[in-house]
Amino acid sequence: MEETQEEDIHKNIKVSVRNLTKIFGKRPEDALRLVDQGKKKQEIFEETQQNVALRSLSFDVYEGELFVLMGLSGCGKSTLLRCINRLIEPTSGAVEIDGVNIVAMNADELRQVRRTKIGMIFQGFALLPHRTILENVAFGLEIQGIPLEEREQKAREAIDLVGLSGYEESYPSGLSGGMQQRVGLARALASDADILLMDEAFSALDPMIRRDMQDELIELQARLNKTIIFVSHDLDEALKLGDRIALMKDGVIAQIGTAEDLLQNPSCDYVERFVEDVNLSRVLVSKDVMKRPEPLLLPDSGPRNALRLMEEYGISSIFVAGKDRVFRGLVTVDGAVEAKKREIPLRDVMVTDSPTVELDTPAQELMPIMAETAYPVAVLDTEGRIKGLIVRGSLLAGLARLEVEV
């Protein structure tokens with residue numbers, strides 16, 4: 001599958017899947033021959049009674065990426081996830097982790113990789129009911145033979161990461177579904193695995209708790225920078241979580257790309273139908289709807305210069321930024337007139353609490369901000385440098401443009 005982002009070539013590949021095929025049945029070699037001939041899944045089943053679950057899949061997952069496998073029930077996404085750590089044995093092909101093909105590993109080598117490099121979180125919480133939360137989180141470390149004191153320390157750190165400090169001595173039956181899923185997440189984090197495989201991890205949760213867990217995962221990922229492969233059948237969930245999404249159908253990948261790739265450039269009718277009812281405000285972010293932040297005013301500029309620029313550009317306010325483009329505030333036309341009349345510095349009339357957002361702030365979060373402010377909204381990068389501005393018109397135009405393109 002051809003990637004859509006040129007910058008991907010500069011990223012470190014963490015997981016590489018090459019020509020992966022999985023066939024269920026007693027004579028997979030019969031079906032494999034027909035796969036190589038290009039026959040369709042139903043044709044192969046009718047001829048051989050073998051089920052082609054995955055068909056010659058190839059893709060890469062990058063270090064620190066949250067990669068979502070999604071599609072309708074039966075498309076092969078959970079089978080693919082389990083092939084990545086060989087809970088299901090591939091029929092043919094390779095799965096490389098850090099450049100090493102785990103399909104070729106013996107049992108001891110595979111066991112070591114599972115213990116040290118891969119954590120898995122299932123839809124069912126898979127907690128041991130007779131063990132405390134601390135013991136459940138430490139269970140994987142216990143299997144590895146880690147001494148008691150060390151594994152309890154790591155387990156406590158993981159419990160704290162998922163916000164369950166104070167529940168160490170509780171039992172699973174005393175926790176809500178969302179809290180139990182946090183325990184499962186903590187258990188995976190305790191092993192300090194580089195890669196987390198999450199199979200419909202939030203599907204069993206109530207909608208509100210599910211959204212909370214999605215937010216929690218995004219926050220954890222920002223702090224820990226794990227490589228996460230997340231299976232979901234929910235498009236909204238995939239769009240919210242995924243750095244990239246692989247949309248599957250009948251054991252093949254129909255398209256891989258960012259949420260915007262899938263929405264703006266669907267590769268086939270199947271992808272187009274799948275995404276046609278998406279709420280675009282959940283997909284667009286600040287950088288998609290912002291305008292160039294021109295003109296900018298230097299902090300030591302005078303009111304006459306500010307008024308000249310506002311007249312030239314036909315605007316009623318102007319952002320103030322240093323030569324490093326770090327955002328300082330905003331000057332309105334009324335403020336500049338007052339500064340000129342009173343002969344005072346612009347800093348005395350500068351608005352320093354005007355709203356700002358980040359480059360990846362979702363459009364649905366921009367709407368209430370725009371409704372409550374009379375000023376343009378500055379879009380800042382992580383260093384506080386101004387990258388763009390948003391006014392009501394640019395937000396609405398961005399939404400309308402994507403509606404037309406999609």
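The values are calculated or read from the model by the stated rules, or taken from the named source; none is laboratory data. What you see is a predicted model; the values in this text were computed from it and never measured. Because the Cβ atoms are built from the backbone with ideal geometry, glycine has one as well, and the counts that use them run over all protein chains shown.
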Of residues in segment 14-30 being in contact (Cβ under 8 Å) with a residue 60 or more places away in the chain and over 14 Å from Asp250 (Cβ atoms), the one surrounded by the fewest Cβ atoms within 10 Å (Cβ to Cβ): Asn19
Those residues of segment 247-274 which are at pLDDT below 85, surrounded by fewer than 21 Cβ atoms within 10 Å (Cβ to Cβ) and in contact with a helix residue (DSSP H, G or I) (Cβ under 6 Å, 6 or more places away or on another chain), in sequence order: Gln264
Of everything in segment 285-334, what is among the hydroxyl-bearing types (Ser, Thr, Tyr) and farther than 30 Å from Ala259 by Cβ? Give them in sequence order. Ser301, Tyr313, Ser316, Ser317, Thr332
Every residue from segment 339-365 that is part of a helix (DSSP H, G or I) and within 18 Å of Leu298 (Cα to Cα): Ala339, Lys340, Leu346, Arg347, Asp348
Please go through segment 204-216 and pick out each residue that is free of Cβ contacts under 8 Å to residues at least 40 places away in the same chain and either part of a helix (DSSP H, G or I) or under 10 Å from the mean Cα position of the chain (by Cα) (or both). Pro207, Met208, Ile209, Arg210, Arg211, Asp212, Met213, Gln214, Asp215
When you check Asp192 against the structure, is it modelled with pLDDT under 85, of a type outside the set (A, V, I, L, M, F, W, C) and surrounded by fewer than 16 Cβ atoms within 10 Å (Cβ to Cβ), yes or no? yes
Which one of Ser58, Ser92 is loosely packed, with under 14 Cβ neighbours inside 10 Å, of a type in the set (S, T, N, Q) and under 15 Å from Gly251 (Cβ atoms)? Ser58
Determine the pairs where a residue that is closer than 22 Å to Glu63 by Cβ, located within segment 87-100, has a partner that is assigned to a strand (DSSP E or B) and among the polar types (S, T, N, Q) with Cβ atoms under 6 Å apart, the partner being 6 or more residues away or on another chain. Gly93/Asn19; Gly93/Thr21; Ala94/Asn101; Glu96/Ser16
When residues of segment 323-367 are filtered for being on the phi > 0 side of the Ramachandran plot and either more than 40 Å from the chain's Cα centre (by Cα) or among the acidic types (Asp, Glu) (or both), how many remain? 1
Residues in segment 321-346 that are touching a Ser or Thr at 6+ places or on another chain (Cβ under 8 Å) and buried (at least 18 other Cβ atoms within 10 Å of the Cβ): how many? 7
Go through (1) surrounded by fewer than 16 Cβ atoms within 10 Å (Cβ to Cβ); (2) touching a residue at least 40 places away in the same chain (Cβ under 8 Å); (3) closer than 19 Å to Asp353 by Cα and name the single condition Arg292 misses. (3)
